[in-house]
Each structure stands twice: as C-alpha cells, then as structure tokens.
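Presented below is the structure to which this report refers.
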Amino acid sequence: MISGLLCDLDGVVYRGDQACAGAVEGLRSARDAGVDVLFMTNNASRTPETVARHLTDLGVRAEEHEILTASQVAAEVLGEEHPQLLGSAPVLAVGGEGVARALRDAGFAVISPEEMAAAAEQDGAPEVGAVVQGYGPRLGVTDLTEAAYAVRSGVPWIATNDDATLPTARGLAPGNGSLVAAVAHATQRRPRVVGKPHRPAYVVGLRRLGHPREQTLMVGDRLETDIAGARAAGLPSALVLTGVSDRAEAEAAPDDQRPDHVASTLLDLAGLWGAT
C-alpha cells in the first residue's frame, strides 16, 4: 500500500493557472487516506512559498515545507559535497529568485551575476566558491557571461536541471538545459545536474518524505524525466495522461522508462492508497 507520494507539478497538478483534471480530487483522496505528499518540481525559478500559494489558489492543500524545487536539491547537494563553502566564498546564483533563496536558506553567501559584473567594473570581481545555475525568466547574456567566467576558473558547477525546453503558452521555449549548454560550450566543462531524472532529486525527495522506498509512489507526466528517474531510483511510478506523455508512448517505452501504472488522472490512482 502506498503511504508516500512524490508528485510532479506541471502536467500532473496544473497546467499554467488551471488545475489538471482530477488533480484536486485525487490529492484530496490521498490526504484523506493518510498519504504524505511531497511536490517535486524542476522549476528552479520559483520559491517554495510561491509554489505553495499557487497550489492553494487552485484548491490543493499545500504547505511550504511540502514543496521540493530543483534549486533546493542543488543547495542541499552543494552543502553535502562542498561543506567548506558554508560561510565562505559566495556562491554565484544564476537564474530566478528560487535559486538564490534556496542557497541562502541552506546557509550560503550568495552573489548575483549583476553584482559580479558591477564589481568587475569597479574594484574587480570577487572570487566565488561555486556556481549554481537554474532557469530564470529574465536570465540574459550577463548571467551566462558571469557564469562562464566563474565556471572556467574551475569552481564546482551545479545545474538544477537539464530540461532542453520549457513549455509556454506560445510553445516550447529554451529551458535550463539549453542555457547550461551555452555555458558548457563556452567553457568545455559539464555541470553536476541534480534535478529529475537525475538521482539527487529522488534521494533528497525520499529523505524529505521519510517513507520506505517501496511505499513511495512517484507520479509524473513525462516518461523521460519523472518515470525514468523513479525507475533508476527503485521507486514505483505512475504516469498520468494529463500532461506530455500519452498511453501509446507508455506502452512502447523501454524498460527504464516504463511506469508501473498508467492512469487518466491523479484521481484514477486512488485505489493505490486504499481510497474508494
């Protein structure tokens, strides 16, 4: 029986400002059955507070501590792998507000690309201890340039995720993976990527949720990220058909992307946690 739920957001719970079919009711049934929920998102630009408010506005019960963003995963990984940076040289935060906020909450000093560029024009840019790169809606050439300067110096470089595209109302825009690729091309280096489908996202998610692996269900809408990552982490998984991947793709998927369950909506998974 499922006791914990790792739940993707875009395409599972909402699409823009609209809740996905069955999402509100499905999550309510999980809560009523005593299932603990952790919402996971590769969107690094928003803070957990902003995400929780969005969910609440849609009618989904959500607290800030129940949100895990790729920026938070990056900050946690940086602290575990480079603890000497805590209270030391600032970390260059490239991306939206969520990146800098996650780093500060984890105890890191933070500097923005704009601050680095301004310092370089005056007394000289300070040395940074690491670079964390995530998506930001206003990210521009200055951000990528300062990231490249710092990455080329050899400091640790963590990317929140490597999604090549980002769905928008007008179609697919360049995602964080495309922007990371620009820095990689300029520096001939590759970052440590931590968001779905990479293992760190699931390790941190399981730790946060605190349920046995075999009782924790990953629910997503993308075979190549949500489901592939869950399979690699040894988690049961479910694909809902309210987002990107469809039933035919699920049936034709290779073993490492094949979900344990396929459902039209979140509500149709209620039997997995004993709801009727």
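The values are calculated or read from the model by the stated rules, or taken from the named source; none is laboratory data. No experiment lies behind these values; they were computed from the predicted model shown. Please note: Cβ atoms are built from the backbone with ideal geometry, for glycine as well, and neighbour counts cover all protein chains shown. Just so you know, the surface numbers come from the protein's heavy atoms only, side chains and all, with ligands and any DNA or RNA stripped out. Shrake-Rupley method; radii C 1.70, N 1.55, O 1.52, S 1.80 Å.
A few comments on the model shown:
- Lone unmet requirement of (1) touching a strand residue (DSSP E or B) at 6+ places or on another chain (Cβ under 6 Å); (2) under 22 Å from Asp10 (Cα atoms); (3) of a type outside the set (A, V, I, L, M) for His54: (1)
- Restricting the stretch 35-46 to residues that are in a loop (DSSP other than H, G, I, E, B) and modelled with pLDDT under 95, the residue that is farthest from Gly96 (Cα to Cα): Asn42
- Val132 being buried (at least 18 other Cβ atoms within 10 Å of the Cβ), farther than 24 Å from Val51 by Cβ and of a type in the set (Val, Ile, Thr): no
- Just one of the listed residues (Thr276, Thr242) is at pLDDT below 95, at negative phi, touching an Asp or Glu at 6+ places or on another chain (Cβ under 7 Å) and not in a helix (DSSP H, G or I), and it is Thr242.
- Residue among Val204, Val194, Val244 that is closer than 25 Å to Glu66 by Cβ, in contact (Cβ under 8 Å) with a residue 60 or more places away in the chain and open to solvent by 70 Å² or more (accessible area, probe 1.4 Å): Val244
- Residues in the stretch 53-89 that are assigned to a helix (DSSP H, G or I), of a type in the set (Ser, Thr, Tyr) and open to solvent by 50 Å² or more (accessible area, probe 1.4 Å): Thr56 alone.
- Filter pass, Gly175 being within 19 Å of His82 (Cβ to Cβ), open to solvent by less than 50 Å² (accessible area, probe 1.4 Å) and in contact (Cβ under 8 Å) with a residue 40 or more places away in the chain: no
- Options Ala186, Ala164, Ala182: the member that is open to solvent by 10 Å² or more (accessible area, probe 1.4 Å) and in contact with a Leu (Cβ under 7 Å, 6 or more places away or on another chain): Ala182
- Complete set of residues in the stretch 207-228 that are among the hydroxyl-bearing types (Ser, Thr, Tyr) and open to solvent by less than 10 Å² (accessible area, probe 1.4 Å): Thr216
- Some residue of the stretch 177-189 being modelled with pLDDT of 95 or more and not in a helix (DSSP H, G or I): yes
- In the stretch 6-22, residue nearest to Arg213 (Cα to Cα) [restricted to those that are open to solvent by less than 20 Å² (accessible area, probe 1.4 Å) and either polar (S, T, N, Q) or out of contact with any Asp or Glu (no Cβ under 7 Å at 6 or more places or on another chain) (or both)]: Leu6
- Residue check, Gln257 on the phi < 0 side of the Ramachandran plot and in contact (Cβ under 8 Å) with a residue 40 or more places away in the chain: no
- Where Ala164 falls short, out of the listed (1) of a type in the set (Gly, Ala, Ser); (2) farther than 29 Å from Val12 by Cα; (3) within 20 Å of the chain's Cα centre (by Cα): (2)
- Qualifying residue in the stretch 23-45 (condition: among the polar types (S, T, N, Q), closer than 22 Å to Leu223 by Cα and open to solvent by less than 30 Å² (accessible area, probe 1.4 Å)): yes
- Matching residues, the stretch 247-269, being surrounded by fewer than 22 Cβ atoms within 10 Å (Cβ to Cβ) and not in a helix (DSSP H, G or I): Ala253, Pro254, Arg258, Asp260, His261, Val262, Ala263, Ser264, Thr265
- A count restricted to the stretch 135-161 and to residues that are part of a loop (DSSP other than H, G, I, E, B), surrounded by fewer than 14 Cβ atoms within 10 Å (Cβ to Cβ) and of a type outside the set (Ser, Thr, Tyr) stands at 4.
- Flag for Leu92 being over 23 Å from Asp260 (Cβ atoms) and in a strand (DSSP E or B): yes
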